[in-house]
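The block underneath contains the structure these notes are about, expressed in structure tokens.
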Amino acid sequence: MEETSKAINSRRRTLRDSLGLGRMSLPVGLTDRLEHMKAIDKVVLPVAKAIRRKLPSGSPIRDMLHGVPTGHPLHPPLATISLGCFTATAVLDLIDVDPRATRAVLATGIAGAIPAAAAGITDWSVLHLEQQRVGFVHALVNIAALGLYSGSLALRMSGRHQAGRALAFAGLSAAGLGGYLGGHLAYRMAAGPSHAEQTTHLVPLGWHDLCRLWDLPDGRPVSRRLGYINLFVLRHGAQVKVLTDRCSHLAGPLHQGRLQLENDEACVVCPWHGSTFRLEDGAVVHGPATAPQPSFEVNVRGDGIVQVRPRQA
Ligand code: FES
């Protein structure tokens, strides 16, 4: 018994060493390597650029696909609908119910994959290159899964149920791999969650001295340090607007962004991917960000010291 486990461990070590993964766990190690797979950049970069050109920054359809109106990325909940239907198809296949019910569930999963893919590629087009490499393989695997499920539905419609079931189980394997890569993107590479959320945990409630009013340039945003975080600070005369400097999309430096008016309201546009935030309260005006930028209330003391405190929801 002990001999067998030694042999298994030795084979694992040999496999890891041959893949250059050291002591990393196997699936994550392989996915980590995808992040650095420069060979696919020749395809990834032009495809991402073409999508950005088709869906220009600030267009209503792009904002909708990112999930700006819902305040969360749209892709994960849409993908969950398809994955749920595909899993239900496998269960229904195993318990041998009316084939029409299974076909209906399968067709729902296939139909749901189309908006999920549209939202996914929109988000993907404005990620970091390492994230785009993993996302590209995630998309290819999911396209393969969709092809298998579409073939399965066609076979079932023509009465070839056994072949349709076999194809659906192959599709489930591909969809599972696609889901794993999606999880790697979301949880290990932080594509999707807010990158500014930690502000509320790093800045205690109450007023904090920031700087002197007249040390701030007029009309030009600057970055100022408050404890553990950087703040975006903009002075107009005696008025000061303050937001967290790390963009909630992917942590771009907002103080290097462009100022512009949107519906007569002053906004800042992130220099990395064009997320637009209202200066008054950090609300998202345009994506890809879906989470608001934490904002601060400002008090200028009589001696010119600018004080800030986190704005309460
Ligand atoms: S980091 Fe992507 S829009 Fe700001």
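Assessment of region 303-311 against the conditions (within 14 Å of the ligand (Cβ to nearest atom), of a type outside the set (S, T, N, Q) and either in contact with a helix residue (DSSP H, G or I) (Cβ under 7 Å, 6 or more places away or on another chain) or assigned by TED's automatic domain parsing to the domain that holds residue 76 (or both)) yields no matching residue. Considering (1) modelled with pLDDT of 95 or more; (2) out of contact with any Phe, Trp or Tyr (no Cβ under 8 Å at 6 or more places or on another chain), say which one residue 171 fails and leave the rest. Residue 171 satisfies all of (1) modelled with pLDDT of 95 or more; (2) out of contact with any Phe, Trp or Tyr (no Cβ under 8 Å at 6 or more places or on another chain) except (2).
Quick grid of which residues meet (1) assigned to a strand (DSSP E or B); (2) surrounded by 21 or more Cβ atoms within 10 Å (Cβ to Cβ); (3) away from the ligand (no atom under 16 Å from the Cβ):
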site	(1), (2), (3)
220	no, no, yes
230	yes, no, no
233	yes, yes, yes
240	yes, no, yes
255	no, no, no
266	yes, no, yes
280	no, no, yes
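Against the definition (touching a Leu at 6+ places or on another chain (Cβ under 7 Å), within 16 Å of the ligand (Cβ to nearest atom), of a type outside the set (A, V, I, L, M) and in contact (Cβ under 8 Å) with a residue 12 or more places away in the chain), how does residue 138 come out, yes or no? Taking the combined requirement at face value, the residue does not satisfy it. Here residue 114 meets the list (1) farther than 18 Å from residue 61 by Cα; (2) aliphatic (A, V, I, L, M); (3) out of contact with any helix residue (DSSP H, G or I) (no Cβ under 7 Å at 6 or more places or on another chain) almost entirely, failing just condition (1).
Contact annotation: residue pairs with Cβ atoms under 8 Å, 6 or more positions apart or on different chains, pairing a residue in region 254-277 that is polar (S, T, N, Q) with a partner that is within 7 Å of the ligand (Cβ to nearest atom), are 275/247; 275/249; 275/252; 275/288; 275/289; 276/270.
With respect to the numbered conditions (1) surrounded by 17 or more Cβ atoms within 10 Å (Cβ to Cβ); (2) in contact with a strand residue (DSSP E or B) (Cβ under 6 Å, 6 or more places away or on another chain); (3) not in a loop (DSSP other than H, G, I, E, B), which one is the sole condition not fulfilled by residue 209? Evaluating residue 209 over (1) surrounded by 17 or more Cβ atoms within 10 Å (Cβ to Cβ); (2) in contact with a strand residue (DSSP E or B) (Cβ under 6 Å, 6 or more places away or on another chain); (3) not in a loop (DSSP other than H, G, I, E, B) leaves (1) as the failure.
Report every pair of residues separated by at least 6 positions or lying on different chains whose Cβ atoms are under 8 Å apart, first residue within region 42-69 and at pLDDT below 95, second basic (Lys, Arg). If the second residue must be basic (Lys, Arg), the pairs left are 55/62; 56/62.
Taking the stated definitions as given, is residue 290 near the ligand (Cβ under 10 Å from one of its atoms), crowded, with 22+ Cβ neighbours inside 10 Å, touching a residue at least 60 places away in the same chain (Cβ under 8 Å) and hydroxyl-bearing (Ser, Thr, Tyr)? I'd like the intermediate steps shown before the answer.
Numbers: near the ligand (Cβ under 10 Å from one of its atoms): no; crowded, with 22+ Cβ neighbours inside 10 Å: yes; touching a residue at least 60 places away in the same chain (Cβ under 8 Å): yes; hydroxyl-bearing (Ser, Thr, Tyr): yes.
Considered against the rule, which asks whether it is near the ligand (Cβ under 10 Å from one of its atoms), crowded, with 22+ Cβ neighbours inside 10 Å, touching a residue at least 60 places away in the same chain (Cβ under 8 Å) and hydroxyl-bearing (Ser, Thr, Tyr), residue 290 comes out as no.
The values are calculated or read from the model by the stated rules, or taken from the named source; none is laboratory data. Quantities reported herein were computed from a predicted structural model and do not represent experimental measurements. Quick reminder, even Gly has a Cβ in these numbers, built from the backbone with ideal geometry, and neighbours come from all protein chains shown.
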